[in-house]
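The values are calculated or read from the model by the stated rules, or taken from the named source; none is laboratory data. Because the structure is predicted, anything quoted here is derived from the model rather than measured. FYI the Cβ positions are ideal-geometry reconstructions off the backbone, even for glycines, and counts take in every protein chain you see. We work out accessible area using only protein heavy atoms, side chains counted, and drop any ligands, DNA or RNA first. Shrake-Rupley method; radii C 1.70, N 1.55, O 1.52, S 1.80 Å.
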Amino acid sequence: MKNEDQLLDRITVRSDVFGGKPIIRDMRIAVEHILAMLAAGDTNEIILKEYPDLQQDDIQACLMFAYRSIAGMQVHGRA
């Protein structure tokens with residue numbers, strides 16, 4: 001497994017995409033969408049099947065981003 005900084009490097013924040021919401025590797029897949037799928041009970045396998053360009057580390061990056069955001073830690077997505 002990659003360290004936290006390597007995982008968070010997968011998260012991109014661009015003001016011209018989804019109003020600056022965090023996305024995964026500049027692919028126009030919002031972090032919040034993947035988190036919503038997980039919250040709804042979808043498994044990693046279902047998500048990866050539905051989005052074949054995603055990787056397991058992308059899902060882990062979404063969870064790390066959410067954790068650090070909720071914990072009040074500073075989170076930076078790539079620009």
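Below, the figures for the structure above:
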| read-out | value |
| --- | --- |
| Qualifying positions in region 51-71 - without any contact (Cβ under 8 Å) to a residue 60 or more places away in the chain, of a type in the set (A, V, I, L, M, F, W, C) and in a helix (DSSP H, G or I) | Ile59, Ala61, Cys62, Leu63, Phe65, Ala66, Ile70 |
| Matching residues, region 1-49, being in contact (Cβ under 8 Å) with a residue 12 or more places away in the chain, assigned to a loop (DSSP other than H, G, I, E, B) and within 19 Å of Ile70 (Cα to Cα) | Asp9, Arg10 |
| Residues satisfying the stated conditions in region 30-45, i.e. in contact with a helix residue (DSSP H, G or I) (Cβ under 9 Å, 6 or more places away or on another chain) and open to solvent by 80 Å² or more (accessible area, probe 1.4 Å) | Glu32 |
